[in-house]
1. Restricting attention to segment 142-162, report how many residues are of a type outside the set (S, T, N, Q), farther than 19 Å from Glu39 by Cβ and either over 16 Å from the mean Cα position of the chain (by Cα) or not in a strand (DSSP E or B) (or both).
2. Name the single residue, out of those in segment 10-67 being of a type in the set (Asp, Glu) and out of contact with any strand residue (DSSP E or B) (no Cβ under 6 Å at 6 or more places or on another chain), that is nearest to Tyr85 (Cα to Cα).
3. Please go through segment 94-112 and pick out each residue that is open to solvent by 60 Å² or more (accessible area, probe 1.4 Å) and touching a residue at least 12 places away in the same chain (Cβ under 8 Å).
4. Kindly provide the set of residues from segment 69-128 that are hydroxyl-bearing (Ser, Thr, Tyr) and either farther than 19 Å from Ala56 by Cα or in contact with a Cys (Cβ under 8 Å, 6 or more places away or on another chain) (or both), ordered by number.
5. All but one of (1) under 29 Å from Leu74 (Cα atoms); (2) at pLDDT 90 or above; (3) part of a helix (DSSP H, G or I) hold for Gln165; state the number of the condition that does not hold.
6. State all residues of segment 129-142 that are more than 17 Å from Leu40 (Cβ to Cβ) and either open to solvent by less than 60 Å² (accessible area, probe 1.4 Å) or touching a His at 6+ places or on another chain (Cβ under 7 Å) (or both); if no residue qualifies, say none.
7. Return a yes/no flag: does segment 117-140 have any residue that is of a type in the set (Gly, Ala, Ser), touching a Gly at 6+ places or on another chain (Cβ under 9 Å), in contact (Cβ under 8 Å) with a residue 24 or more places away in the chain and closer than 28 Å to Gly23 by Cβ.
8. If we scan segment 18-33, do we find a residue that is touching a Ser or Thr at 6+ places or on another chain (Cβ under 9 Å) and hydroxyl-bearing (Ser, Thr, Tyr)?
Amino acid sequence: MCIRDRFQRLTRVYDVVQGVHGGDTVLVALEYGPPEADELNLVAEPVLQHLLDQGAHVSVVSTRPEGQAVAAGLLSDIVTSEEQYTGQYALLPSRAGDAAGVSQLLIDAGAHPGLIVVLTAQPGPLRWWVEQTRALYGDALPVVAGISAALEPVASPYLDASARQLEGAINGLNGAAAYEALRGSAGQGTQRLNALAVGHAAIVGLMILGAVFHALSNLRGREK
């Protein structure tokens, strides 16, 4: 997928979240656990903060019990830094059962949410939420996703213009940093990306120095 397509899909997530009004209910499906949190927390944080800034009431759900623990820690960090968010989110009980569990979570949510955000690194939960939302609401309820970089090929068919089962998606660390840039606020994603860039530059520099020393050593050997 080209960079332009990635950016267009990311900006669609931004535009959808930007269109959320104060008091709107947004259902956030946090479908990952601690092993995936290192990458996906970076994706989830700017989206959650954007939703809270818009005044949305965020209801966090999951088919994974450990997903609620990850969500609690992530939201606690956000709310601690911004006390005005207190009371704007709720952690609903998890419900196992794959697609059937997702269907029940949609029913349990009660009032029609204005948006669904799926955060996952696995193809199963992404498919369940897209398909079950479509089955229950048709195309009346927008769905966006924050996914790991590795899941991008799986998400592409849902993002295709002819399907538009997903309105947009943020992919991995690069997507998280780009979303922060759209918001004009450098966060953890930007900091991590910058650190990686510095690390890569250092590695390249060391490789070049190593090649130079190796060449000089060979040259001295031939002179002897």
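1. Going through segment 142-162, the residues of a type outside the set (S, T, N, Q) turn out to be 142-147, 149-155, 157-161.
Going one step further and asking which of them are farther than 19 Å from Glu39 by Cβ, we end up with 142-143, 157-161.
Checking the rest, the ones that are also either over 16 Å from the mean Cα position of the chain (by Cα) or not in a strand (DSSP E or B) (or both) come to 142, 157-161.
Result for segment 142-162: 6.
2. So the first thing to find is which residues in segment 10-67 are of a type in the set (Asp, Glu), and the list is 15, 24, 31, 36, 38-39, 45, 53, 66.
With out of contact with any strand residue (DSSP E or B) (no Cβ under 6 Å at 6 or more places or on another chain) added as a condition, the list becomes 15, 24, 36, 38-39, 45, 53, 66.
On the way: Asp15: 21, Asp24: 14, Glu36: 25, Asp38: 23, Glu39: 24, Glu45: 13, Asp53: 8, Glu66: 23 Å.
If we take residues in segment 10-67 being of a type in the set (Asp, Glu) and out of contact with any strand residue (DSSP E or B) (no Cβ under 6 Å at 6 or more places or on another chain), then Asp53 is nearest to Tyr85 (Cα to Cα).
3. Result: Arg95, Ala96, Asp98, Ile107, Asp108, Ala111, His112.
4. Matches in segment 69-128: Ser94, Ser103, Thr120.
5. (3)
6. Selection gives Val130, Gln132, Thr133, Tyr137, Gly138, Leu141, Pro142.
7. Looking through segment 117-140, none of the residues is of a type in the set (Gly, Ala, Ser), touching a Gly at 6+ places or on another chain (Cβ under 9 Å), in contact (Cβ under 8 Å) with a residue 24 or more places away in the chain and closer than 28 Å to Gly23 by Cβ.
8. yes
The values are calculated or read from the model by the stated rules, or taken from the named source; none is laboratory data. Keep in mind that what you see is a predicted model, and the values were worked out from it rather than measured. Using ideal geometry, Cβ is built from the backbone for each residue, glycine included, and neighbour counts are taken over all protein chains shown. Heads up: the accessible areas ignore ligands, DNA and RNA and are worked out on the full protein's heavy atoms, side chains in. Shrake-Rupley method; radii C 1.70, N 1.55, O 1.52, S 1.80 Å.
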